[in-house]
Amino acid sequence: MALDPSFVGRAYPLGEPYAVGIEKIREFATAIGDDNPMYHDRAAARAAGHPDVVAPPTFAVAVIAAAQDVVLFDPALGLDFSRVVHGDQRFVHHRPIHAGDELSRTIVVDAVRVLAGNDVLTLRTEVVDADECPVCTTYSTLVVRRSG
Amino acid sequence: MTPAFEDLTVGDALPPLTVHLSRAQLVRYAGASGDFNPIHWNPRVAREVGLPDVIAHGMLTMACAGRIVTDWTGNPGLVSGLETRFTRPVVVADDDAGAELELTAVVGALDQAARTARIDITAKFAGQTVLGKARAVVTLP
């Protein structure tokens, strides 16, 4: 079943901001096998001008995961999650994410296309801080493999 | 030591990076990222959907692509962009060796006005590239 193109432009704001914790950044950095001191040690991060430990460039995926699930599991969209594969991913960082940030996310359906018979969905997430200043924009392209 | 923009030339290579991905690390990454898709930890489910075995999260491979850049800049906050296509799966066998990911990167372009460098990254598993058009943008002092 093709995805409904009327979803393009639909925005899903999320109420509660995501609170970035120092232990979550350390856990994520350890999970990617990265011992860069600026992910783990406040003093090292502050010596480089950061207010607290800094997050790895792909950490935003943990910030947006729940936001994306709201769309992916929206029954009105009718996505078969078991057939979804990640096609591509892009992060644009307006500033680094730090421990202590309170991040609000708005997720937008940027495009719904059909490529080689597969539904292709592009989601954009705008991440802003407590002062409404832009922090990160993410673009995720998800491919729904044709069944059968 | 963060490289200086003036010292860079298109084609310069970054220090290479080899990463070993184990089953245990996939479980750890699932927890840290919140991506619990069973194809990354359950061989039965992976085979049911046509994969040879459990595969690494694309985002974990992408994180390793980011790491070759942040190892070079020292300061991860200098990375203002990171993008890739996921072109081939990284199959992680259930043994002590796991999967070996070989990362290389070169300076692909320099923007004098913005003082940014585009870094072009290659990630190989079992001799084949697994990421397409993997690129970072770094803003240098």
Legend entry - Where a residue in the range B:75-91 is within 16 Å of B:Ile119 (Cβ to Cβ) and its partner, wherever it lies, is part of a loop (DSSP other than H, G, I, E, B) and hydrophobic (A, V, I, L, M, F, W, C), with Cβ under 8 Å and at least six apart: B:Asn75/A:Ala48; B:Pro76/A:Ala55; B:Gly77/A:Ala48; B:Leu78/B:Leu140
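So that you can scan it fast, the table gives a plain yes or no per residue for (1) surrounded by fewer than 18 Cβ atoms within 10 Å (Cβ to Cβ); (2) among the basic types (Lys, Arg); (3) closer than 30 Å to A:Arg42 by Cα; (4) within 16 Å of the chain's Cα centre (by Cα):
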position: B:Val54; (1), (2), (3), (4): no, no, no, no
position: B:Met62; (1), (2), (3), (4): no, no, yes, yes
position: B:Gly81; (1), (2), (3), (4): no, no, yes, yes
position: B:Arg88; (1), (2), (3), (4): yes, yes, no, yes
position: B:Ile121; (1), (2), (3), (4): no, no, yes, yes
position: B:Thr139; (1), (2), (3), (4): yes, no, yes, no
Inset, instruction - Please specify each residue of the range A:85-100 satisfying the condition of being of a type in the set (Gly, Ala, Ser) and over 17 Å from A:Tyr18 (Cα atoms). - result: A:Gly87
Inset, instruction - Check every one of the helices (runs of 4 or more DSSP H) wholly within the range B:1-76 and list those with 3 or more residues that are facing chain A (nearest Cβ under 10 Å) and of a type outside the set (A, V, I, L, M). - result: B:23-33, B:58-73
Legend entry - Any hit, the range A:57-79, residues being facing chain B (nearest Cβ under 8 Å), in contact (Cβ under 8 Å) with a residue 40 or more places away in the chain and out of contact with any His (no Cβ under 7 Å at 6 or more places or on another chain): yes
Inset, instruction - Output the qualifying pairs, or none if there are none: Cβ atoms under 7 angstrom, residues six or more apart or on different chains, first residue in the range A:37-54 and without any contact (Cβ under 8 Å) to a residue 40 or more places away in the chain and surrounded by 15 or more Cβ atoms within 10 Å (Cβ to Cβ), second residue outside any loop (DSSP other than H, G, I, E, B) and among the basic types (Lys, Arg). - result: A:Tyr39/A:Arg26; A:His40/A:Arg26
Inset, instruction - Select from the range A:72-127 the residues that are at pLDDT 95 or above and among the aromatic types (Phe, Trp, Tyr) and list them in ascending order. - result: A:Phe91
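The values are calculated or read from the model by the stated rules, or taken from the named source; none is laboratory data. No experiment lies behind these values; they were computed from the predicted model shown. A quick note on method: Cβ atoms are made from the backbone with ideal geometry, for glycine too, and the neighbour counts reach across all protein chains shown.
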